Amino acid sequence: MLGFSGSREWVYPQSIDGSFMRLRRWTFAGLHALLLIAPWITVGGHPLLLIDIPARRVFLAGLVFTAADTIFLALLLFFLAFALFFFTSIFGRIWCGYACPQTVFLETWIRPVELWIEGDRVTRKRRDAGGWTFDRVWRKAAKWTVFLAVSAFLAMAMVSLFAGARELWTGQAGPSAYAFVAIFTGVWYLDFVWFREQFCNYLCPYARFQSALTDAESLLVSYDVPRGEPREKGRAAALDGRCIACSKCVVVCPQGIDIRDGFQLECIQCARCIDACTSVMEPLGHETLVRYSSLAADEGRERRVLRPRTVIYGGLLTTLAAAAVVLVLGRIPFEATVNRVPGTLFTMDADGFVRNTYMLKITDKDGGPDQHTFEVTLDGLPEAELVRQSVVLPSLGTRTIPLVVRMPADVGGDRTRSFDVIVSGDGGEIRVPATFNTGASSP
């Protein structure tokens, strides 16, 4: 490792295959599909997933969320937070081993490229120890060039979620979008070429606070000490099912740790060591010595999935999900605001009517291909007349118009009267409270 006072010690993880590696590959494929394909799919003429920060809009599966839908952002953030707590309390660092972008990209792109250009672990290690020969130089140059191309490709894919895939990949996005592509390219390139496991060990906060999220019942990758010790090379250990000291679990570890030393913060629970030990012990007729377990199971106690923290986290997740579903089902696909024109209270017209002028702003959030017509009515002022009663908007359009409300001056009553402006559209209606100044003298 690159310590705070030392030199970079490179980790050369050996390639390994097994049931957990196949599970991870399927998981990585699904995550890549979400990243690479989702921005190109359209629903109702809009991307399946697009976070349009300049316009403050989010497109998700045909729904359009604007700045007025902040409640959904809050629910999403709370849901993600408690989902992290919930799944970590049960499965340990499953995020690190199966869903972290760095892990996904390293295992899917970088390690296969290294294997293809530089060879396996032993070959790479021996060549790097031999100094800068022509063979080493051209292989490093080729590998780093491919890393740069991969970094740029992944950066483009990530920014597509914010700038739009078609616009970005056809050169039609703005300068800021390509500036972020350059920034992400540099970050990923630095990580792929140099940082790698050091990010997990020194910068990622998850490893530091995971101890607050886990307990003795949480899953972790552990070594079966009673069965495995004393470890020794030779036929006796192989027959007894003990550790034969092959160190295969060590050489496959991308973090450069020895799982036999016990639980370590550097472990990302990628299960490479489990597949490695399985590949050695199964031909010998024994179960793997490295497996998913828990501190409770290692101490001979039954592992409990249902316990206070998992019940609380699960209940909160269910409540948040239910609240989001209810709000989405009852969501009105437009928003409306009414504000009095600044600097005006009322105006006396020549025909004896009192006029109050407001600014009505309507924003369509339906996202459909057609125009939308909105009807405007009043509730609470039976004597009043409304000068304008309909507004036509294009899909996702916004329009601000004057809203003139007139009422006879001789109606009497309070100086200020409350009423509602009702804006009706295809998806429902919105009632916006307002006040009308009658011009009457104060009692």
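Any read-out appearing in this document is the output of simple, stated calculations on the displayed coordinates, not a laboratory observation. Keep in mind that what you see is a predicted model, and the values were worked out from it rather than measured. For neighbour counting, all protein chains shown are included, and Cβ atoms are generated from backbone atoms with ideal geometry for every residue, glycine included.
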Spin-label pair Asp135/Thr435, simplified geometry with 7 Å Cα→Cβ offset, distance in nm: 8.6
Share of pairwise Cα separations in region 276-362, more than 17 Å, in percent: 78
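Express the C-alpha Rg of the chain as a ratio against the empirical globular expectation 2.2 N^0.38 Å, rounded to two decimals.
Numbers: Rg = 31.5 Å, N = 443, 2.2 N^0.38 = 22.3 Å.
Against the compact-globule rule of thumb, the ratio is 1.41.
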Distance in nm between pseudo-label sites at Ala212 and Phe153 (7 Å out along the Cβ direction from Cα): 3.9
Cβ-derived FRET efficiency at R0 56 Å, Val122 paired with Ala324, nearest 0.05: 0.60
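How much length would be gained if the chain were fully extended between Glu229 and Phe263, taking 0.36 nm per residue of separation minus their Cα-Cα distance, in nm to one decimal?
Gain in length upon complete extension: 10.6 nm.
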The chain - Cys residues lacking any other Cys C-beta under 4.7 Å: Cys96, Cys100, Cys200, Cys204, Cys243, Cys246, Cys253, Cys267, Cys270, Cys277
Region 334-437 - percent relative contact order, Cα under 8 Å, separation 6 or more: 31
Under the span-like rule (Cα at least 24 Å along the axis, Kyte-Doolittle mean at least -1.0), DSSP H helices of the chain: 19-36, 70-91, 134-163, 308-329
Size descriptor, Kirkwood hydrodynamic radius, that averages inverse alpha-carbon separations across region 16-146, Å: 18.5
Efficiency of FRET from Cβ geometry, Glu287 and Leu80, R₀ 51 Å, rounded to 0.05: 0.90
Top positive-direction residue, dipole computed over region 295-375 with Cβ charges, set Leu295, Phe374, Thr363: Leu295
Kirkwood hydrodynamic radius of region 334-437, from inverse mean 1/r over distinct Cα pairs, in Å: 14.4
Estimated 222 nm signal from helices in the chain, with DSSP H stretches of n ≥ 4 weighted -39500 (n - 2.57), rounded to 500: -12000 deg cm²/dmol
Mean Cα-pair separation over length for the chain, i.e. relative contact order, pairs under 8 Å, 6 or more apart, %: 15
Cα gyration tensor, region 41-118 - rounded (a/c under 1.5), prolate or oblate: oblate
Listed residues Asp240, Asp224, Asp215, most fluctuating in the chain (Gaussian network, C-alpha, under 10 Å): Asp240
Cα gyration tensor shape of region 241-393, rounded if a/c is under 1.5, else prolate or oblate by comparing a/b with b/c: prolate
Of Glu197, Glu118, Glu375, the one that fluctuates the most in a GNM where the chain has Cα springs shorter than 10 Å: Glu375
Spin-label proximity, Arg309 to region 84-98 - amide N less than 18 Å from point 7 Å beyond Cα toward beta carbon: 84-97
Charge context of Thr108, other residues only, Cβ under 12 angstrom, K/R +1, D/E -1: +2
Total formal charge among the other residues, if their Cβ is under 15 angstrom from that of Val354, Lys/Arg +1 and Asp/Glu -1: -1
Charge sum, other residues only, whose C-beta stays under 15 Å from Arg136's C-beta, Lys/Arg counted +1 and Asp/Glu -1: +3
Simple label model, 7 Å out from Cα along Cβ direction - Thr337 to Ala67, nm: 0.7
